[in-house]
Amino acid sequence: MSVVMSIWGRLANPGLEDRHIKAVYFFAGNWKHGDDDFWAKQWYEYPTSRNDKTYTVWPEDGRHLTWSENRADRAFAVSEIASAGTNVVVMSSWGARGSNRWAFSAPMQTSTFAHDELFELVAETSLVIMPAIESAAGTADGVSHSYVFSDDFPGAAGHPAPALVEQLVDLIDRYLVNPAKPYWPEQWAKIYDSSGAPRYAVNILHVASRHLPDDGDAAFAAGFDAVANAVYQRTGIAVGFTLDILPSKHSFTIGDWHGWIPWFEPHHNVRVKPGTPVTQTWSTRTHLDLYVIDSHGTVASTWWDDEQPGGYRPGGWFPIHRETIFHPGSLVTAIRRTAGHVDLFATDHDGIVRTIWWDADQPGGYRPEGWAEIHPEMRCPPGAPVAASWGNEDHLDLFVTDNFGIVQSTYWDDNEGGYRAAGWFAIAPSTVFHPGGAVTAIHVDEDHLDLYAADSHGIVRSIWWDSDDGYRADGWFEIGPEKRTNPGSKVTALWADTKHLDLFVTGNDGIVRSTYWDSREPLGFRPQGWFDIGSGVRSVGGAPVEALWSHDGTILHLFATDASGRVVEAVWKHDDDPSKAWSGWMSIWPQLQTVAGAPVTASHPRGVHIDAFVAGSSGGVFASWQDELTDTYIGHPEELGPHLKQQRSMLAVQAFIPEIWLGGKTNRARFTKKYDYIVRWWLAGVPVLMDINPGYDAHLVFPGSSHYGYTSEWRGWFVSLWSPAFSGVVYNCWNGYTEGYAGMRQQISGDRDFAWLFRMFHAL
């Protein structure tokens, strides 16, 4: 091995030349534990949400938490890191000065001002800093947009990964080109590249691409030199990268990411009551319309179109005939007759059901006279949800629960010249429901309609209409009365095919439950009644559940909001053994907060693509989306390694807990997969930084997530894995309190993990 190859991936800073890297990933900043704006803003420029209630480990010395509160505490924290034998601090970074992405996404309060404080303190030690760039969610006030590496990389020829380049240039400007302190540049970690030249090192997390095919190895690798060259042209600084290359496409479907991009707010010109239902309807596979009732009671709309640069309507949300006021926080129902015609329904502040329509042939689109009353002699509680279902293109049925708890219906029929002349009529009025309660209506075909609702006792009931006999003569019947929900709660119904219907509801105990009707069952409905779906996660009683089949009918997705206001998802795979349980509920970017039990709406009009929307606690309407990653590039050591070796900017592979993605039912199975992944990169001929951690426990912040490690055997395996042929070790991470890994002495485990880390580092 040449001298150059032997130092590739080693430290190059004066006094640390050719040293193995002994690093800890670190969230510089104060802990987030205050509930009021005064506390949240007193250290940095933006408020943060409280997260200390999601800690699964706690430091023994509280000074580790109070980074920003005084210099002495910062000095203590840095000295503790150094005392473990560390020589590199991998500094978590979430955006440029003036951004607030960190306030939304980061587990600790990692403002750019905290980065300055870290550079200042490290200057008094032998430590150096490697900045890290991580995917992060956009923020409620729109100061910072989301950043997802796989969406940005590799970019276009002559314009590589623009969002990544901007973040790199910002970091370089702050700490190398125009530092506030002249000694800061000396604290940035340098690593030798494959030519033996030192480069300023940056760690990149979540490395993959949504823009390359499976065989895109050469283009993917070349993207890193393209980024480094673009940065050099703008700053004169040579940077290189340590890469957290995601180990499989499965990486996008586990954990907090769960395949979804971070929540973002498409527009900021409308405020709604937190938890307001968001209605979506697709006119084509490339055009989406959204509707909400804002905080003033006005129905507002916006749209997304594939041909629009940036997707969403440039002018943001717009009102639909604001002269009619509805109940803030209530539902506006939208249903399409054709691609060129949509009808809207809502119950106004007087309890009158109103409608308006948009038609492509109408100048201006919407009915010029505004919202029309539908037989105002029938009244409902203000904001009562209206159910609508097309039997065919010429017949639309409407349902609502009136002030007396009676389900009422009327219809529009083209052959009758409009709405039923006789107005609303009661459906089996002997059964009383919650006034204004939700009614679910679903056609299997134009000859059969099913209705579902939760009665005044919280028992789910059903009735059907058939073209031969009309409504069921015996009225509403009970479905699994031994399990109850809240009176008036929404019952979600979804046809898998014409022979199988699934029902979902949140019980009065906050547990999501399901049952089904199947033509092959002797009595139709599941004989055993309702069953729990992931009882480990709870919402509030009666919370709505969104259900959605994947485009190919193989995966059933459920969405809900738990008792802490986080959006969660569970899935069931149709091609699995039917006796298998649903997946555990997983948080979708839990940094977004809404009210407990808020409705989530989701759809999949574009094949493998799913869109989701929710109204956050800030009053903004937030969106996220997920793609099944059939065309997404994931780098593998054997194919990507030879191409990475040709890139001067490639410094090392630095996997960040790859076992969380690779999975395994036992500690040994997880470690074996982790070992295999790390060694395969080393065999590919590129420098490797060995990832170590004491275990993983994020059950409070990511309900249903993996839990592993925390045994002497687990820690011992890392000792046996170490080889001097690696470029070093990275501990993930020093203050990861929400995910159960922290390097300092802890309240329960004492110095167990610190002592293990100390031994690992001092053996290098």
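Quick note: the coordinates plus some simple rules give every number you see, no bench work behind them. Not measured: the values here are computed from a predicted model. Methodologically, a virtual Cβ is constructed for each residue, glycine included, from the backbone with ideal geometry; neighbour enumeration extends over all protein chains shown.
Tabulated values for the structure
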{"quantity": "Sorted peptide list for 278-289, 191-202, criterion being average Cβ within 10 angstrom, highest first", "calculated": "191-202, 278-289"}
{"quantity": "Fewest-first sequence of Phe504, Phe153 by Cβ atoms within 10 Å of each Cβ", "calculated": "Phe504, Phe153"}
{"quantity": "Region 57-148, dipole about Cα centre (Lys/Arg Cβ +1, Asp/Glu Cβ -1), debye to the nearest 20", "calculated": "240 debye"}
{"quantity": "Extended-chain gain in nm, criterion 0.36 nm per residue less alpha-carbon gap, Thr672 and Arg336", "calculated": "115.7 nm"}
{"quantity": "Residue (of Ser99, His64, His33) at the positive-pole extreme of region 22-107, dipole from beta-carbon charges", "calculated": "Ser99"}
{"quantity": "Cβ-derived FRET efficiency at R0 41 Å, Glu638 paired with Glu124, nearest 0.05", "calculated": "0.40"}
{"quantity": "Cα gyration tensor shape of region 495-558, rounded if a/c is under 1.5, else prolate or oblate by comparing a/b with b/c", "calculated": "oblate"}
{"quantity": "Prolate/oblate/rounded call for region 33-162, Cα gyration tensor, a/c under 1.5 rounded", "calculated": "oblate"}
{"quantity": "Simple Cβ-charge dipole of region 332-375, Lys/Arg +1 and Asp/Glu -1, about Cα centre, in debye nearest 20", "calculated": "180 debye"}
{"quantity": "Positive minus negative residues near Trp549 (Lys, Arg vs Asp, Glu; Cβ under 11 Å)", "calculated": "-3"}
{"quantity": "Whole-number percent relative contact order across the chain, with pairs defined as alpha carbons under 8 Å at least 6 apart", "calculated": "14 percent"}
{"quantity": "Sequence of Tyr183, Tyr471, Tyr452 once ranked by neighbouring C-beta atoms within 10 Å, starting from the fewest", "calculated": "Tyr183, Tyr471, Tyr452"}
{"quantity": "DSSP beta bridges in the chain [antiparallel fraction, %, rounded to 5]", "calculated": "80 percent"}
{"quantity": "Euclidean distance of C-alpha centroids, region 663-718 and region 143-181, integer Å", "calculated": "30 Å"}
{"quantity": "Residues Ser150, Ser83, sorted so that the one with the fewest Cβ neighbours within 10 Å comes first", "calculated": "Ser83, Ser150"}
{"quantity": "Gyration tensor verdict on region 701-764 (Cα atoms; rounded if a/c is under 1.5, prolate if a/b is larger than b/c, oblate otherwise)", "calculated": "prolate"}
{"quantity": "Surrounding net charge for Val512, when Lys and Arg each add one and Asp and Glu each subtract one, Cβ distance under 9 Å", "calculated": "+1"}
{"quantity": "About the Cα centre, charge dipole magnitude for the chain (Lys/Arg +1, Asp/Glu -1 at Cβ), debye", "calculated": "2900 debye"}
{"quantity": "Residue (of His551, Ala132, Pro382) at the positive-pole extreme of the chain, dipole from beta-carbon charges", "calculated": "Ala132"}
{"quantity": "Charge sum, other residues only, whose C-beta stays under 11 Å from Gly340's C-beta, Lys/Arg counted +1 and Asp/Glu -1", "calculated": "0"}
